[in-house]
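The values are calculated or read from the model by the stated rules, or taken from the named source; none is laboratory data. As the structure is a prediction and not an experimental result, all values here were calculated from the model. For neighbour counting, all protein chains shown are included, and Cβ atoms are generated from backbone atoms with ideal geometry for every residue, glycine included.
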Amino acid sequence: MAHKRFNFKSSGTKITNRKFTDPVVIEKPIGIKTPLEFGIGEDDIFSMHTNPAKQVGDNLRNLISTNFGERLGRANFGANLVDLTFEYGATDKFEAEAMLRINEIASRHISVISIRQVSVLDYLNSSDFRPGNASGDSFGLALVSLRIKYDIPKIKVFNQAVDALIYVGG
């Protein structure tokens, strides 16, 4: 009994095939960018993040800017820094308490990051503080800028920073 011959020409694709030489990379959206803006091109209705590091930074900024009771259904969500701004006169206490709250809330809600440093920039003592410019609003309320430096070890992203602005109360 004779064996049939097998034709190897139809058993696979060559490495010179176009699908191997010109790969098309499709970036999948992983979250909505804030502040909201309409999507352009292949985005959905709103612009989306495709980079995990940028999405985590956006989430951290939103978490720090949120106060207790502002998120429906999650009354304890946020860093609750607004009530802390009433104690802004005691700057040392403000910085220590802000660092404590940010570390606690970040470890609870975004556990993939590790906070390295929280810096407080005081616009009240700045020489360019005037109502109506970037450091104040039309009513003359002062702003405090918090700069949070963090790492995301699980995806090997280091030396990231995010800024959050908070109005000084009191």
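Would you say L81 is under 19 Å from T34 (Cβ atoms), part of a strand (DSSP E or B) and either of a type in the set (A, V, I, L, M) or modelled with pLDDT under 95 (or both)?
no
Table: residues versus (1) among the hydrophobic types (A, V, I, L, M, F, W, C); (2) touching a residue at least 12 places away in the same chain (Cβ under 8 Å).
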residue: I30; (1), (2): yes, yes
residue: P35; (1), (2): no, no
residue: A53; (1), (2): yes, yes
residue: V56; (1), (2): yes, yes
residue: L63; (1), (2): yes, yes
residue: N67; (1), (2): no, yes
residue: R74; (1), (2): no, no
Q) So which strands (runs of 3 or more DSSP E) stay within segment 94-170 end to end and still have 1 or more residues that are small (G, A, S), modelled with pLDDT of 90 or more and surrounded by fewer than 17 Cβ atoms within 10 Å (Cβ to Cβ)? A) 114-122, 157-167
Q. In the list L36, L72, L60, which residue meets the criterion of being aliphatic (A, V, I, L, M) and part of a helix (DSSP H, G or I)?
A. L60
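If you take the residues in segment 32-49 that are more than 20 Å from Y150 (Cα to Cα) and within 14 Å of the chain's Cα centre (by Cα), which one is surrounded by the fewest Cβ atoms within 10 Å (Cβ to Cβ)?
First, the residues of segment 32-49 that are more than 20 Å from Y150 (Cα to Cα): 32, 35-48.
Within this subset, residues satisfying the condition of being within 14 Å of the chain's Cα centre (by Cα) are 32, 35-36, 48.
Details: I32: 17, P35: 7, L36: 10, M48: 17.
The residue in question is P35.
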